[in-house]
Amino acid sequence: TFKLKVKAGKTYLLRLVNAALNDELFFRVANHTLTVVEADAVYVKPFKTDIVLITPGQTTNVLLRAKSKTPSAKFAMSARPYATGPATFDNTTTIGILEYEKSASASKSNHKNLPLLKAKLPQFNDSSYAMKFQRKFRSLATAKFPAKVPKNVDRRFFFTVGLGILPCSKNQTCQGPNNTRPAAAVNNVSFVQPNIALLQAHFFNKSKGVYTTNFPTNPPFKFNYTGTPPKNIMLSSGTKVVALPFNISVELVMQDTSILGAESHPLHLHGFNFFVLGQGVGNFDPKKDPAKFNLVDPAERNTVGVPAGGWVAIRFLADNPGVWFMHCHLEVHTSWGLKMAWVVNDGKGRKQKLPPPPADLPKC
């Protein structure tokens, strides 16, 4: 069991990384308060919390202030899943131990017999805590660390993220209704991994037969996304991308769906940081919700949890030429197709163009 030894009265910086494949995690140190100071390698306005929620792929730096006097106890550092989907999951609690260094005069035998104080964690499906916690993150938005939120929007997108079904692969038997298998999708498109790298096809202008640029800007059909699911939950599949001109600003609303159960999806975007403007429960309202967006000091991240049965809105500047995956950081959902890609075309300047691959790079 991991043991973290600390000295009374000192402050420690803990760098937390959720390296789990399929679980968002609650984390708590018994009888201690943490001060969150960073998220996804960007400073945030410091805030105190007893419990941290961290999704796969996210990082969070916290300050742990040790007690002023050496206590006669050890403290559990505990982590347990936050799970909102209908599938089974490992609901055990993993722990490390926070130990205070004793003075030389204290006997070793006493140190071994110290009681271990445990930490109480939220219910595994406590979505309201998850949303309240996510809302606490704010950029510093100072002169030294400005929040460069794109104020004008060039392209707007609305993506549904969630589950559905696909026909079973040939010569296989699947356990879904009418020999179907569970799958996942963005805007009803379950992503098919190509045999040739997207970046390679893009750079050499050989996209034909590898990908198409007709990824839907909006869901192909509207329904009550977080209410009763539609009767037809069959997904389409394909290798589709969104092509963007260099340096345009993008606003994206990601909406969870209740198909096969509402579920929190940690979405990760490669190649960019984005600003988290707002989030809510239920269906996104394009008339009312944008008025509540935070354009002053929103959190700047690269991974964000799309709330279970809710939505989240982000903005980013497409100033990094290349091909960039955006995918759910729950590995099972990524393997089921909950991913897509953005192609950002070259700009006019010398430093606004995608560099060629190294001469010795093996071809995909």
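The values are calculated or read from the model by the stated rules, or taken from the named source; none is laboratory data. It should be emphasised that the depicted structure is a prediction, and the values quoted were computed from it without experimental measurement. When we count neighbours, we look across all protein chains shown, and the Cβ atoms used for this are built from the backbone with ideal geometry, even at glycine. Only protein heavy atoms, including side chains, enter the accessible area calculation; ligands, DNA and RNA are left aside. Shrake-Rupley method; radii C 1.70, N 1.55, O 1.52, S 1.80 Å.
Brief remarks on what is shown
- Extension gain from Ala291 to Val37, taking 0.36 nm per residue of separation minus the Cα-Cα distance: 88.7 nm
- Counting only protein heavy atoms and a 1.4 Å probe, the range 155-344 has 43 square angstrom of accessible area per residue.
- Among Ala147, Ala201, Ala313: highest mean-square fluctuation, GNM of the chain, C-alpha pairs under 10 Å: Ala201
- Taking a straight line from the alpha carbon of Lys112, these aspartates and glutamates sit under 16 Å away, with near neighbours fewer than eight places off in the same chain left out: Glu99, Glu101.
- Tyr12-Phe124 FRET efficiency (beta carbon distance; Förster radius 30 Å; 0.05 resolution): 0.60
- Cross-link partners of Lys144 among lysines, defined as those whose alpha carbon lies under 17 angstrom from its own and excluding same-chain residues fewer than eight positions apart: Lys45.
- In this rough spin-label picture, where each label sits 7 Å from Cα along the Cβ direction, the Asn224-Asn171 distance is 4.5 nm.
- Pairs with C-alpha atoms separated by more than 30 Å, drawn from the list Lys132/Lys353; Lys148/Lys206; Lys67/Lys136; Lys240/Lys348; Lys222/Lys292; Lys208/Lys351, are Lys132/Lys353; Lys148/Lys206.
- Qualifying aspartates and glutamates (Cα of each under 16 Å from Cα of Lys287; at least 8 residues distant if same chain): Glu251
- Annotation: extensible slack from Ser68 through Lys136 equals 21.7 nm (criterion: 0.36 nm per residue apart, minus Cα-Cα distance).
- In a DSSP loop and with at most 10 other Cβ atoms within 10 Å, the chymotrypsin sites (Phe, Trp or Tyr not before Pro) in the range 142-241 are Phe221.
- Model label sites at Lys45 and Asp346, defined 7 Å from Cα along the beta-carbon direction, differ in position by 4.3 nm.
- Share of carbon and sulfur in the accessible heavy-atom surface of the chain [1.4 Å probe, %]: 53
- Of Leu199, Gly305, Asn294, farthest towards positive along the dipole that unit charges on Lys, Arg, Asp, Glu beta carbons give the range 155-344: Leu199
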